[in-house]
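Read the structure below first, then the notes.
The values are calculated or read from the model by the stated rules, or taken from the named source; none is laboratory data. Since this is a predicted model, take the numbers as computed values, not measurements. Cβ coordinates were reconstructed from backbone atoms using ideal geometry, including for glycine residues, and neighbour counts include every protein chain displayed. Heavy atoms of the whole protein, side chains included, go into the accessibility calculation; ligands, DNA and RNA do not. Shrake-Rupley method; radii C 1.70, N 1.55, O 1.52, S 1.80 Å.
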Amino acid sequence: MRLHPLLAFGYCKPSSRLSRHLCPPNNLAGHTTRLAMSDSAKLPRVDFDTTETVGSTRWMRLETLSYHVADENSTDGSGSSLRKWDRAVRTTKQSEDSIDAVVILAILRHDAKDISRDEIVCVKQYRPPVDAYTIELPAGLIDAGEEPAKAAVREFYEETGYMGKVIDVSPASYLSPGLTNESACMVRLEVDMTNEANLKNYENQNLHDGLEGCEKDRGLEKLMIPRVGMLGALHDMQQKEGVKVFAALYSLALGMQIGEGKGL
């Protein structure tokens, strides 16, 4: 499952000893690097060959990147200078371009002619990094060699107990590009509510028996939120229960409200 990244910064106050370590000054004491003239059009860019590992755990790695930027005042005449940026990386990431995870959008459609009865399948779980329960879309990491569509169906069943059919897989998007290179596909699933197993699952909103490990320990449970009026429902849960809302879910709810003609 998703273990949210640690932290990384592009800037920080030099008065902090920790911040000086995590975020070296941008000017690097005037340090520059020489580039071929043909490379000048490719700036800015990261020199991955010089990436430094600051520290790592089982799931996360903190790296310092070196990247080149155009600088007409460079002291060596190269037309560029070097900057530093810290980022968090999943240790499970296969390559810079590999997709880490899937985020699942599944709408339970009870009546094809009445969208007011539609429900969005969400999950509620305790998240230690924010020391609170969160409301999120179902999601999970893609296993090595696994296709996003297959990962979505697997994770969706593991977290919610529903069997879904893939109807669309989006290109990769980035969850917090100032912090990490973690990427995810949005996968839309169709849930057949005429399926007996899905119907029984819907009628029993208790914890899913298939949960294991940390998900069970953190009390992960499926949650149905009305498609129409979703933003208001999330606001109510925030105020009454003190939950925190996953940014992608909040953006989805806001977009739906705008689509309903209610504006901002």
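What are the extents of the Cα atoms of the stretch 109-148 along their three principal axes, in Å, largest first?
40, 33, 8
Please tell me which of these pairs span more than 29 angstrom C-alpha to C-alpha: Lys124/Lys262; Lys93/Lys262; Lys216/Lys240?
Over 29 Å Cα-Cα: Lys93/Lys262.
So if we plug the beta-carbon distance of Asp71 and Asn195 into 1/(1 + (r/R0)^6) with R0 = 51 Å, what FRET efficiency do we get, rounded to 0.05?
Calculated value: 0.25.
Putting +1 on Lys and Arg Cβ atoms and -1 on Asp and Glu Cβ atoms, find which of Ile225, Tyr157, Gly259 reaches farthest to the positive end of the dipole of the stretch 123-264.
Gly259
Residues of the stretch 50-132: accessible area per residue at 1.4 Å, in Å²? Don't jump to the answer; show the numbers that get you there.
Values: 4060 Å² over 83 residues.
About 49 Å² of surface per residue is accessible.
Can you pull the percent of Cα pairs in the stretch 75-150 with separation above 19 Å?
I get 65 percent for the Cα pairs in the stretch 75-150 exceeding 19 Å.
List the residues of the stretch 84-111 whose backbone N lies under 13 Å from a point placed 7 Å from the Cα of Thr53 along the Cα-to-Cβ direction.
89-93, by backbone N distance to the label point.
Can you put His68, His235 in order of accessible area, largest first, using a 1.4 Å probe?
Working: His68 5, His235 60 Å².
My answer, sorted largest first, is His235, His68.
Ignoring ligands and nucleic acids, what accessible area does Lys150 show with a 1.4 Å probe (Å², nearest 10)?
The accessible area comes out at roughly 140 Å².
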